[in-house]
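Have a look at the structure below, then the notes.
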Amino acid sequence: MKNLFAVCLAVLTLAGCSRQLNPAEREEARRAELELQGVMDMVSSRQIPPIEFELGSAKLLPSSYDLLDKVASILISHNRLKLIVSGHTDASGSEGFNENLSLQRASAVKMYLARKGVHPDSVRVYGHGESQPLLNEDSERAHALNRRVEFRITTRDWGTVY
């Protein structure tokens, strides 16, 4: 079974480019991919806690700062990278509340990263509410897994993403 933290936490993937990269860009993308793998290794070994918020709130808990600081460091040192932050909730509460809360949580992550020096234009946020659960069951474990923020890192221009 996959590590629970790896599933709940953040999905960090380096997406391919829509154009041919020059050698310097390829090397930068390779270095960034290695750094991201290092972050994922830390997540898998439980050295980094998950991104957590106050219950029913978009207020980040201090336990989330280490991971977000590492993501910020990667984005700052590789300024061609872009980040997609997707917020998700469990099915507790109304659909409208959950959609709004998931977007607020993704936006809170973006604001945190901006305060750390990440250019806001390099981060896009989406709120999916309860529409994309990891588990479709009514258990505390499923609810916990479905309350998450996912990251996707890409080198593509925003015009070619989604």
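The values are calculated or read from the model by the stated rules, or taken from the named source; none is laboratory data. In this text the structure is predicted, and so the values were computed from the model without any measurement. Here the Cβ positions follow ideal geometry from the backbone for every residue, glycine too, while neighbour counts run over all protein chains shown.
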When the residues of segment 75-122 are filtered to those that are outside any helix (DSSP H, G or I) and among the hydroxyl-bearing types (Ser, Thr, Tyr), which remaining residue is surrounded by the fewest Cβ atoms within 10 Å (Cβ to Cβ)? Ser94
Scanning for something among the aliphatic types (A, V, I, L, M), crowded, with 19+ Cβ neighbours inside 10 Å and in contact with a Gly (Cβ under 7 Å, 6 or more places away or on another chain), does segment 49-68 turn up at least one residue? no
Residue pairs meeting the criteria (Cβ under 6 Å; at least 6 apart or on separate chains; first closer than 14 Å to Asp121 by Cβ, in segment 75-88; second assigned to a strand (DSSP E or B) and among the polar types (S, T, N, Q)): Lys82/Thr154
Looking at segment 36-74 only, could you name the residues that are at pLDDT 70 or above and either touching a His at 6+ places or on another chain (Cβ under 8 Å) or part of a loop (DSSP other than H, G, I, E, B) (or both)? Ile51, Glu52, Glu54, Leu55, Gly56, Ser57, Ala58, Lys59, Leu61
